[in-house]
Amino acid sequence: MHSTTTKSQRSGGVIERYREFLPVSAATPVVSLGEGNTPLIYSPRLSERVGRRCEVFVKNEGLNPTGSFKDRGMTVAVSKAMERGTSALICASTGNTSASAAAYAARAGIPCVVILPAGKIATGKLVQAFTYGAKIVAIDGNFDDALRIVRELGDSGDLTIVNSINPDRIAGQKTAAFEIADEIGDAPDLHLLPVGNAGNVTAHWAGYREYQARERSTKLPEMIGFQAAGAAPIFYGHKIDKPETIASAIRIGNPASWKQARAVITDSRGAIDVVSDAEILAAQSWLAQHEGIFVEPASAASIAGFFKCCHSDDAAYSFEKIPRGSRIVCTVTGHGLKDPDVVIQRMKELKPVADTVTDVRRAIEL
Ligand code: F0G
């Protein structure tokens, strides 16, 4: 077929694809890096774990332009900020928001300030923010402290806050739910995802509801969120002053969208649960070694949570009684290469062998 692709369609991202659902107009300058349209991968092995002809899919959000789901919201937030004539962006971050904001600011041609908890950002994410040219400020404090400072700074001057407290971020992130419904023909029955600041679970639910209201889908999924056990304020029902987890992306003690997340869980008849660091790391390895999908630890929380729902007696949600043929989506939020340190620590030292076939054959131990 003859292609009449225009320049904008060629690099088209989520605004191009879902314009009618987003707060943009012809006057909005679209700042895009071709985000969205990420793979939804059917997993026979995870499906088998649930049994009863259930189908499990992994939505790999790590394949967005900066390696995380944040890009969906960032394209909308930065496009709207440019429309309003902002002069710079600012965000607090556990790493991925800063990488995404820095990239989209570069694309838009404006500066970006990122406030980060010192020593708690995965190497790859810090490298990204630095390379994209952000102004990086590391504070002696955690993400919650960084967000408090950003809220105060953002209220004065003409900086635009691009954390998920900016509603344009949530609007953009809804598109992940649209893609899933478009691809499997309807909304899934269950949707599992990691929870940190709780913007993403809120955005997905808004997306599913909007799609149903516009008759693009017929049902709503039950939303099941997973927090790291050492950073689980929503699960425990109180702020955590010193959140701790290997999954640094979700090391958050006072989530900005806490109330919204609670409402999502109630309205969708879903659940919030916790997974331990050990379960997170085991799930990260499992997904890489059994499905070829390498995700960062925070992302593996949804897979660890999936296993908990399958097998554990103390799971907040059990798959035991879900209907036959249920469709389950697990979102994995960020690429594994962002956080190599945790894997490097577990890697065996590679001792070179002599460059002969005999030595190599012996080393392979097949
Ligand atoms: N997974 C990854 C890889 C993340 O980076 C985040 C959040 C989440 C899950 C949780 O999503 O906050 O919407 O509930 N990262 C933020 C950041 C906080 O600054 O990059 P959430």
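The values are calculated or read from the model by the stated rules, or taken from the named source; none is laboratory data. Keep in mind that this is a model prediction, so the values were computed, not measured. Note that we place each Cβ from the backbone using ideal geometry, even for glycine, and neighbour counts take in every protein chain shown. These accessible areas exclude ligands, DNA and RNA; they are computed on the full protein's heavy atoms, side chains included. Shrake-Rupley method; radii C 1.70, N 1.55, O 1.52, S 1.80 Å.
So here's what we get for this one:
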read-out	value
Residue pairs meeting the criteria (Cβ under 9 Å; at least 6 apart or on separate chains; first farther than 25 Å from Gln284 by Cβ, in the stretch 346-366; second among the basic types (Lys, Arg) and part of a helix (DSSP H, G or I))	Val353/Arg362
Residue among Ala256, Ala263, Ala363, Ala301 that is away from the ligand (no atom under 15 Å from the Cβ) and either open to solvent by less than 80 Å² (accessible area, probe 1.4 Å) or part of a helix (DSSP H, G or I) (or both)	Ala363
Filtered residues of the stretch 133-147 (kept if part of a loop (DSSP other than H, G, I, E, B) and either touching a residue at least 60 places away in the same chain (Cβ under 8 Å) or near the ligand (Cβ under 9 Å from one of its atoms) (or both))	Asn142
Matching residues in the stretch 149-166 - criterion: being touching a residue at least 40 places away in the same chain (Cβ under 8 Å), surrounded by fewer than 17 Cβ atoms within 10 Å (Cβ to Cβ) and not in a loop (DSSP other than H, G, I, E, B)	Ile149, Leu153
Those residues of the stretch 39-78 which are among the aromatic types (Phe, Trp, Tyr), closer than 27 Å to Gly124 by Cα and away from the ligand (no atom under 11 Å from the Cβ), in sequence order	Phe57
All positions within the stretch 321-340 that are open to solvent by 60 Å² or more (accessible area, probe 1.4 Å) and in a helix (DSSP H, G or I)	Lys321, Leu337
Whichever residue in the stretch 42-89 is under 21 Å from Ala298 (Cβ atoms) and among the polar types (S, T, N, Q) and, among such residues, is nearest to the chain's Cα centre (by Cα)	Ser68
Condition check for Lys308: more than 15 Å from the ligand (Cβ to nearest atom) and basic (Lys, Arg)	yes
Scope the stretch 183-210; condition within 7 Å of the ligand (Cβ to nearest atom) and either of a type in the set (Asp, Glu) or farther than 13 Å from Gln173 by Cα (or both); matching residues	Pro194, Val195, Gly196, Asn197
Looking only at the stretch 155-174, and only at residues there that are small (Gly, Ala, Ser) and within 15 Å of the ligand (Cβ to nearest atom), the one that is farthest from the chain's Cα centre (by Cα)	Ala171
Ile280 being touching a Pro at 6+ places or on another chain (Cβ under 6 Å), within 16 Å of the ligand (Cβ to nearest atom) and without any contact (Cβ under 8 Å) to a residue 60 or more places away in the chain	yes
Members of the stretch 283-298 found to be acidic (Asp, Glu) and either within 14 Å of the ligand (Cβ to nearest atom) or without any contact (Cβ under 8 Å) to a residue 60 or more places away in the chain (or both), listed by number	Glu296
Test: Ala177 is open to solvent by less than 10 Å² (accessible area, probe 1.4 Å) and within 14 Å of the ligand (Cβ to nearest atom)	yes
Residues within the stretch 79-98 that are within 15 Å of the ligand (Cβ to nearest atom), over 15 Å from Val332 (Cβ atoms) and touching a residue at least 60 places away in the same chain (Cβ under 8 Å), tallied	8
Conditions (1) among the polar types (S, T, N, Q); (2) open to solvent by 20 Å² or more (accessible area, probe 1.4 Å); (3) closer than 22 Å to Glu296 by Cα: number failed by Gln227	(2)
Residue, nearest to Asn142 (Cα to Cα), within the stretch 197-219, restricted to residues that are out of contact with any Pro (no Cβ under 8 Å at 6 or more places or on another chain) and among the small types (Gly, Ala, Ser)	Gly199
Helices (runs of 4 or more DSSP H) enclosed by the stretch 43-131 - at least 2 residues per element that are surrounded by 21 or more Cβ atoms within 10 Å (Cβ to Cβ)	70-83, 96-108, 123-131
